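Written out below as structure tokens is the structure these notes cover.
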Amino acid sequence: MFPRAPGRRRGLLLGLTFVVAFCSIVYELIYSEMLRVLFGGTVLRYSITIGLFLFSLGVGAFCYRYVGDVEQNFFRTEVALSVVGPFGLLLMVGVNSAPAIQFPLKSQLVLVVSHLPIVVVGVLSGLEIPFLSELIDSEGESFSEVLGVDYFGSLVGTVVYALVLYPTLGLVTAIFVLGLANAVVALLFAYDGAFESSSTPVLVACLLVTASYAGVVAAGDRAERAVEETYIGAGIESEYPPGTASVTIREIERTAHQRVVIYDRTLDATPNRPRQTERCLRMDGQLQLCESWVASYHQGLVDVPMTTVPDGPDTRVLLVGGGDHIATNRLRDHDVTVDQVDLDGEFLDYTKSHPYFEQYHDDAYRYDRLTTYETDALTYLRNTDRQYDLVLLDLPGARNDGLLPVYSTEFYRLVRAHLTDDGVVVSWGYDRNAYATHYKAYMNTVGTAGFDRQIAYNAWEDMDDDGAVERGERFYVLAPDPRRAPAFGTASNLTATGQRRYGDARWRAIPRYDGVEPNSIFDPNYDIIIN
């Protein structure tokens, strides 16, 4: 047994209480974020994680009465947490990246297994406080002191995770830092006098874990990339039949707000499409652009709706999103005044000098009539009195509840309030037939926000180089006042083909659907999310 130093043991035990509380809460935050990435649903994933964690803490505390030697079992619990914590994340990634083998109830089984690490870490964490309370009580201190330090450690853990660990280290490196902290706790406790010869195998395992995790943390970027490529590569293009799409990850970049993935995809030939390889961009798992349709998308987003307003600096355009600067490049061609609002300043800087984006934006961020605001759109609209002739929403699709605010009646009311009398707003959108539930919720949302007329249209592009154009991305133009809805699709900035294609478009009343609630920030309708 290592020599015990009674005079400093109280301080050591309270310090260990702080560390283990810090680690336990951050494990669960990392699990929540990983589950959000894998399954979507921010509110749902965090709520379930918190509930399971608290329940599991209770189970662990209840099981304490059946545990024997306090000192030896606290040491073993910390070693177990150092192993289970990080490998719980790897388990989540692994079961969701397995080959596409189908069997009954597979999706349900994967979902359950992915939540098991929450329970295991919760049970082990539930044992820690009774262990530490008894150890400190044996030194003449109170149970309330342990709880106070535990709660404080949890508070610090949540703040440090949000402000430091996740933004700077990412999920993978951060969780191995936690595992390393648990292993160090075990070693410090053993050194203070808890080690017995019967625990030699556990001590050896703890030393090996400590050394291994130190190496992983030191090579954090490579470890993060290896794990990310495993689950990202498995999930990308999963909508294609197994074996028909191959993916090569070229670059992964993480900002404080999103994960950026640039990759090459190769689609096997079909009767209607030759074999095709192209470079694409995904942000937080959502497809943003591919080389075959980047031009048609931005023609649909910018050039077509620009037919509703005159070219020139007197036309003021609000661009929400557009951090790749490609839409700004299109707007520069029309010589308009642009205010751009984008929350992610890191991504704005990242795309300025990146070769993949430079080929499309031609340094448009230097446009002399562009003003960029690095803030969220709701905050900007609440704090400005500017009116706009055209509002372009270059936003991700509604794939997770983190985007509910920009698909809400509150957001569209703010947009409407900042339109000129004959101004319009344009957004990329999902097809009404393929996503009927979303479409109904979206239309009722914008209708409730005060928009009365809409035009739906598609971009067109020869995306497979076969000489024939195909129907591409879907867009919606929204106008609040049917009496002042501008002419659409006939301006000279479109080719004769484009004028024929869009000039026949007519304003139609926004449909209203009975029994479908609009989406509100305060009363969300989750049907607006595409699962």
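Screening residue 1 on (1) assigned to a helix (DSSP H, G or I); (2) surrounded by fewer than 18 Cβ atoms within 10 Å (Cβ to Cβ); (3) at pLDDT below 80; (4) aliphatic (A, V, I, L, M) shows it passes everything except condition (1). Summed over the range 366-413, residues that are touching a strand residue (DSSP E or B) at 6+ places or on another chain (Cβ under 7 Å) and part of a helix (DSSP H, G or I) total 2. For residue 186, are the conditions met, namely being over 23 Å from the mean Cα position of the chain (by Cα), modelled with pLDDT of 90 or more and within 14 Å of residue 83 (Cβ to Cβ)? It is false that residue 186 is over 23 Å from the mean Cα position of the chain (by Cα), modelled with pLDDT of 90 or more and within 14 Å of residue 83 (Cβ to Cβ). Tally time: how many residues in the range 335-350 are in contact with a Gly (Cβ under 6 Å, 6 or more places away or on another chain) and assigned to a helix (DSSP H, G or I)? Selection size over the range 335-350: 2. When the range 199-216 is filtered for residues that are touching a Leu at 6+ places or on another chain (Cβ under 9 Å), under 18 Å from residue 75 (Cα atoms) and either charged (D, E, K, R) or open to solvent by 40 Å² or more (accessible area, probe 1.4 Å) (or both), only 207 remains. Scanning for something modelled with pLDDT of 85 or more and more than 26 Å from residue 261 (Cα to Cα), does the range 214-223 turn up at least one residue? Yes, the range 214-223 contains a residue that is modelled with pLDDT of 85 or more and more than 26 Å from residue 261 (Cα to Cα).
Here the range 417-445 is the region considered, the condition is being among the hydrophobic types (A, V, I, L, M, F, W, C) and in contact (Cβ under 8 Å) with a residue 60 or more places away in the chain, and the residue that is surrounded by the fewest Cβ atoms within 10 Å (Cβ to Cβ) is 428.
The single residue among 368, 362, 349 that is without any contact (Cβ under 8 Å) to a residue 24 or more places away in the chain, open to solvent by 10 Å² or more (accessible area, probe 1.4 Å) and farther than 27 Å from residue 407 by Cα turns out to be 368. Selection of the range 259-301 for residues being closer than 17 Å to residue 326 by Cβ, polar (S, T, N, Q) and open to solvent by 30 Å² or more (accessible area, probe 1.4 Å) yields 288, 299. Does the range 303-332 hold any residues that are hydrophobic (A, V, I, L, M, F, W, C), within 15 Å of residue 477 (Cβ to Cβ), open to solvent by less than 10 Å² (accessible area, probe 1.4 Å) and more than 26 Å from the chain's Cα centre (by Cα), and which are they? Hits for the range 303-332 are 304, 306, 317. For the residues 450, 515, the requirement of being at pLDDT 90 or above, open to solvent by 40 Å² or more (accessible area, probe 1.4 Å) and on the phi > 0 side of the Ramachandran plot singles out 515.
The values are calculated or read from the model by the stated rules, or taken from the named source; none is laboratory data. Note that the structure is a prediction, hence the values are computed from the model and not measured. Note that each Cβ is placed from the backbone with ideal geometry, even for glycine, and that neighbours are counted across all protein chains shown. For accessibility, only protein heavy atoms count, side chains too; no ligands or nucleic acids. Shrake-Rupley method; radii C 1.70, N 1.55, O 1.52, S 1.80 Å.
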